[in-house]
1. Taking Q133, is it in a helix (DSSP H, G or I) and not small (G, A, S)?
2. Out of all the residues in the stretch 74-130, which are of a type in the set (G, A, S), part of a strand (DSSP E or B) and surrounded by fewer than 19 Cβ atoms within 10 Å (Cβ to Cβ)?
3. Residue check, R105 against (1) among the charged types (D, E, K, R); (2) under 12 Å from the mean Cα position of the chain (by Cα); (3) over 19 Å from T30 (Cα atoms), all met but one. Which one?
4. Would you mind stating whether R52 is in a helix (DSSP H, G or I), out of contact with any helix residue (DSSP H, G or I) (no Cβ under 7 Å at 6 or more places or on another chain), modelled with pLDDT of 60 or more and among the basic types (K, R)?
5. Any idea which of P34, P70 is part of a loop (DSSP other than H, G, I, E, B) and farther than 22 Å from V112 by Cβ?
Amino acid sequence: MTPSETATAVQQHRPGKSTAVANMIRFLETGSVPDGLFAPDLFTDLSLPRWRLQAATAEEGVALRLAGHPVPGLVRVERVEQTDHGFTLEFEERWDAEDQQWYCREMLRADVVDDRIVELSAYCTGDWDEARQREHARAVRLIRR
């Protein structure tokens, strides 16, 4: 199933906060913010391997994302869980930049009110260039993808 198909399936089979899930996946894939995805006063808390960043508005949160991933890419959704307050999303991303393909793995928790994300907490492995991906493939055998 492609990422867009996953987003559509989530939206069709998960009532309530599913619009926010599908729109979040679309944003991650394209870098374009679907109308109504974020509340204007969105709080974002981004944890990276050696750094932590926060933003107090939707505009600042989007800027954080675009600074780290300035071009569209491919999102492979591994898991979506609805929560009492919103959802969690576990995913991998791949994108092209600097003449190579990059990779990261992330998990985020979103609090949703009226299909708008009001609070977002994201955890990222950090961006792996092709050399890091090869190093990892040589050193580790993953049991599950």
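1. For Q133, the condition - in a helix (DSSP H, G or I) and not small (G, A, S) - is met.
2. Correct list: A97, S121.
3. Looking at each condition in turn, R105 falls short on (3).
4. no
5. Details: P34 fails: farther than 22 Å from V112 by Cβ.
Going through P34, P70 in turn, just one is part of a loop (DSSP other than H, G, I, E, B) and farther than 22 Å from V112 by Cβ: P70.
The values are calculated or read from the model by the stated rules, or taken from the named source; none is laboratory data. This structure is a prediction, so every number in the text was calculated from the model and none was measured. Positions of Cβ are generated from backbone atoms using ideal geometry, with glycine treated the same way; all protein chains shown enter the neighbour counts.
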